[in-house]
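Remarks on the structure that follows.
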Amino acid sequence: MTHASRRTDRTAVEAANTAFYEAMEQGDFDAVTDLWLDDGATPVSCVHPGWPVLTGRGEVLRSYALIMANTDYIQFFLTDVEISLAGDVAVVTCTENILSGGPAEDGAELGPLVGELVVATNVFRRTSDGWRLWSHHASPVLPENDDSDAPDTDD
């Protein structure tokens with residue numbers, strides 16, 4: 001593979017990864033659906049923070065429909081994006097800095113906004129229609145312990 005074609009692949013994978021998060025932000029279920037691998041043979045998988053492993057296109061897409069139905073606002077600020085390519089497979093790791101709000105309460109326009117830090121691995125596969133998500137795995141980043149809360153061990 002030439003350096004130019006690797007750069008082209010890297011750019012295409014980055015665009016597919018960005019499109020996935022933008023579709024989530026816009027609540028565009030059709031776009032999310034189109035971005036998931038659908039070759040009729042390869043099962044896809046997804047792990048949302050705190051969820052069990054979801055396997056199969058139907059189960060994965062139902063989870064996104066559920067998330068979108070219960071999230072009035074979501075915005076992703078991606079940092080630490082790294083892309084690894086191996087033939088027709090690409091692995092993207094990133095940190096999802098998420099700002100989200102659920103359904104409004106007491107007549108407000110939007111529910112309270114919540115910030116969350118999540119690390120994610122997105123595995124893409126090259127298809128005739130471009131790069132498609134094969135697997136998404138996201139885990140929450142636990143807050144660092146403040147040393148002042150640690151027990152004193154200088155006995």
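The values are calculated or read from the model by the stated rules, or taken from the named source; none is laboratory data. Every value quoted in this text rests on a predicted model; they were computed, and no experiment measured them. Using ideal geometry, Cβ is built from the backbone for each residue, glycine included, and neighbour counts are taken over all protein chains shown. Areas reflect the complete protein model, heavy atoms only, side chains present, ligands, DNA and RNA absent. Shrake-Rupley method; radii C 1.70, N 1.55, O 1.52, S 1.80 Å.
For region 73-105, filtered to residues that are over 25 Å from residue 143 (Cβ atoms) and acidic (Asp, Glu), the residue that is least open to solvent (accessible area, probe 1.4 Å) is 88. If I go through region 1-57 residue by residue, how many of them are charged (D, E, K, R), farther than 18 Å from residue 127 by Cα and open to solvent by less than 80 Å² (accessible area, probe 1.4 Å)? Matching residues across region 1-57 total 2. If you scan region 32-83, which residues turn out to be over 23 Å from residue 128 (Cβ atoms) and among the hydroxyl-bearing types (Ser, Thr, Tyr)? Selection gives 55, 63, 64, 71, 73, 79. Counting the residues of region 1-36 that are among the hydrophobic types (A, V, I, L, M, F, W, C) and at pLDDT below 95 gives 2. Can you confirm whether residue 68 is out of contact with any strand residue (DSSP E or B) (no Cβ under 8 Å at 6 or more places or on another chain), closer than 19 Å to residue 120 by Cβ, surrounded by 15 or more Cβ atoms within 10 Å (Cβ to Cβ) and without any contact (Cβ under 8 Å) to a residue 60 or more places away in the chain? Spelling it out, residue 68 is indeed out of contact with any strand residue (DSSP E or B) (no Cβ under 8 Å at 6 or more places or on another chain), closer than 19 Å to residue 120 by Cβ, surrounded by 15 or more Cβ atoms within 10 Å (Cβ to Cβ) and without any contact (Cβ under 8 Å) to a residue 60 or more places away in the chain.
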